[in-house]
1. With every protein chain present, what is the per residue accessible area of the range 175-228 (1.4 Å probe, Å²)?
2. Evaluate the relative contact order of the chain (contact order divided by residue number), counting alpha-carbon pairs under 8 angstrom at least 6 apart; express in whole percent.
3. Sort 35-47, 184-196 by the packing proxy (mean of other Cβ within 10 Å over each peptide's residues), most packed first.
4. Taking a probe of 1.4 angstrom, what is the accessible area of Val178 in Å², to the nearest 10?
5. Treat each spin label as a single point 7 Å out from the Cα along the C-beta direction, and report the Arg73 to Val178 distance in nm.
6. Just tell me, in residue order, which DSSP H segments of the chain are both 30 angstrom or longer along the helix axis (alpha-carbon based) and at least -1.0 in mean Kyte-Doolittle hydropathy.
7. Of the heavy-atom accessible surface of the range 258-317 (probe 1.4 angstrom), what whole percent is carbon and sulfur?
8. Quote to one decimal, in nm, the extra length available between Leu217 and Glu324 on full extension: 0.36 nm per residue of separation minus the C-alpha distance between them.
Amino acid sequence: MKQCNTAFQTTSNLTSIQSNSSANETFVRPATFFIDGFSNMPHVKYYYVFLCFVYVVTVLGNSFIMCIIYFARKLHTAKYIAVFNLALSDLCGSSAMIPKLIDMFLFEHQEISYEECLMNMFFVFHFMNVQSLTLLALAYDRLVAICFPLKYHAVITKTSMSFIIGSMWIFSVTFFAVLVGLVNRLSFCRTNVVNSYFCDHGPVISLSCNSNFINYLLAYISVGLLICMPVILVTLTYCCIALALLKIAHGADRIKAMKTCTSHLLLVAIFYLPILSVNVKSISTSIDQNSRIINNSLTQIIPPMLNPIIYTLKTEEVMQSIKELYKRRKVNTISERNVK
C-alpha cells in the first residue's frame, strides 16, 4: 500500500478514505485546513478595519443600485438586466470573501473544515467569473448600440440578455463545480497549512502528494476563461467601437456615443488591470508573500465596492432615475401628510 508522510499541523485532524480496492490506494484528507495568509503581517488589524469599511460600502452601494433598477421602470431594459446581475454578483462575491476573511483572521478562527473550504473556494471563484463575464456582456451591449444602432432594439432584448446572463450562470456553476470537485481526487499528506487568505485553489492543490496535473490544467483553463478571454474580447469590442466612432461626422454625436461607454470602460479597467498587473509581475519577478496576498485581496474586494459608485455617478440614466424616484417619494410623503 502506498505510504504517505502525514506530518500535518494537527495530526489528530486526519481522515483516511479507502479508494477503489483494485487500485489498493489510500487517500488522506485533513479534517480541517489552516488558512495562514495574514498571520505574520505587522499592524494587519488596521487592514481588517479597512475590509469592514469596504464591505459595508459594497453592500450598501450594490443594494442601492439593485433597488434603483428594480423600482425605476425607465431602467427595465436589457442593458440594466446585465447591470443588475453585475451588482448581484459583486454583492455575493464580497459576501463570500470578506466576512469569512474577517472571522478567520480578526477572531482567529483560521481552521476551516475540508467541506467548508471547498464551498468557500467554489463561491469565490464562481462570483468572480460571473463578474468578468457580465462585463463582457455589457461590452457586447455597447458594441451593438454604437456599431449597429438601427438593429439594437431587435438584437438586445430583455429575452436575449436574460438568456446570455442565464447561460453565464449555468456555465460558471458547472465549470467551477468540476474544478472544485476534482480536489476530492487528491491526497493531502504533507501539511494542512494554506498560504493564502481564503481557500485558494492553487495553494490548496499544491499541498497534495499524488498527481495534480488535471487540477493544474483546469486551473490554467480557468485563468484563460476568467481573465484572458474576456480581456481579449472586450479589447476587440472597443477596437470595433473606436472604428465606428471615427466614421461619425459630427463631433457632438461622437462625444455623446463615447459617454455611453465611459462607465463600462472604468469598470473594465478597475476589474482587469489590477489582476493582470499582479499576475504579470508574479511571472516576471518574485513577489514577497505578504505583498502578493495584500495585492490579490485588494484586486478582489475593491472593484465590487467601486462598481455601483461609478454606475451611479457616471451614468446619466441612473442619476435621472434616482431624482425621479426621490421626487415621487417626496410627493407621496406630502400627500400622506395632507390626508392625515
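1. About 36 Å² of surface per residue is accessible.
2. 25
3. 184-196, 35-47
4. Number for this one is 80 Å².
5. Spacing of the two 7 Å Cα→Cβ label points: 4.5 nm.
6. Qualifying helices, which must be both long enough and hydrophobic enough, are 45-71, 78-106, 114-147, 158-181, 251-284, 289-314.
7. 65
8. 33.4 nm
The values are calculated or read from the model by the stated rules, or taken from the named source; none is laboratory data. Just so it is clear, the structure is predicted and the values come from calculations on it, not from any experiment. Please note: Cβ atoms are built from the backbone with ideal geometry, for glycine as well, and neighbour counts cover all protein chains shown. Protein only, heavy atoms only, side chains kept; ligands, DNA and RNA dropped before computing areas. Shrake-Rupley method; radii C 1.70, N 1.55, O 1.52, S 1.80 Å.
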